[in-house]
Amino acid sequence: MRYITDMMSEQFRFKCIVTALVLALGFSQPLVAQTDRLDQLFEELLQADEQTTTAIERQIIAEWGKSGSPSIDLLMRRGKDALDDGAPDAALDHFSALVDHAPEYAEGYYHRATSFYLLDEIGPAIADLGEVLSRNPRHFEAMRGLAVIMEELDRPAEALDLYRMILDIVPQSPQARAEVARLHQQLEGLAI
């Protein structure tokens, strides 16, 4: 009888190990490179008028979201659902797991930064936005988030620089244009 119990215990342990390996391999599969498509979209963005800019931005964001891994997609979906449900602490757990298992995937850091921001953890939010930009220097959404934080920290000059960087990537962004004009006027007023 003890032999059967030991054998069942070993089988259970083996199944746990195999499950852990499958999950680990699923998380560590290389992300699908979308660079050609993204390069094309960014070229289109430089030539776009204000009306088509928003549509192209959405396409770029959709490309950034393609992880190439069902496991990563599941963590992303769970984190976004938690944010939608008003539970940034739960979202933080999902996005942290995503970042742990796919540290090269910039979108994990971006969404985790959002969670940190909503939890008033500004330092970690800034750090994660920095991680996003180190992996994806054209991530105009991370730049926007960082610009908002810089303004909240009473650093309008840095926010202005970030919005100008966005305009280098998205020349017809109405939001970035408006923010540049507003901050430029604010900073000129401060200089007087």
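The values are calculated or read from the model by the stated rules, or taken from the named source; none is laboratory data. Quick caveat: nothing in here was measured; it's all calculated off a predicted structure. Cβ sites come from the backbone with ideal geometry, for glycine too, and all protein chains shown count toward neighbours. Only protein heavy atoms, including side chains, enter the accessible area calculation; ligands, DNA and RNA are left aside. Shrake-Rupley method; radii C 1.70, N 1.55, O 1.52, S 1.80 Å.
Figures for the structure shown
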| read-out | value |
| --- | --- |
| Translational diffusion coefficient (Stokes-Einstein; Kirkwood radius from C-alpha pairs) of the stretch 93-192 at 37 °C, 0.692 mPa s, in µm²/s | 234 µm²/s |
| Most to least accessible of ARG177, ARG77 (protein chains only, probe 1.4 Å) | ARG77, ARG177 |
| Contact order relative to length of the stretch 32-94, as percent, for alpha carbon pairs under 8 angstrom and 6 or more apart | 25 percent |
| Length added when fully stretched, PHE42-ALA90, from 0.36 nm per residue minus Cα-Cα | 13.9 nm |
| Label zone at GLU152, where the point sits 7 Å out along the Cα-to-Cβ direction: the stretch 84-117 residues whose backbone N lies under 13 Å | 113-117 |
| Average Cα contact separation per residue, the stretch 69-192, under 8 Å, 6 or more apart, as relative contact order % | 14 percent |
| Point-charge dipole on Cβ atoms (K/R +1, D/E -1) for the stretch 51-151, about Cα centre, debye to 20 | 380 debye |
| ASP36 accessible area, 1.4 Å probe, all protein chains in place, Å² to nearest 10 | 130 Å² |
| For the stretch 123-160 and the stretch 44-102, distance of Cα centres in Å | 17 Å |
| Relative packing of peptides 107-113, 90-96, 150-156 - highest average C-beta neighbours within 10 Å first | 107-113, 90-96, 150-156 |
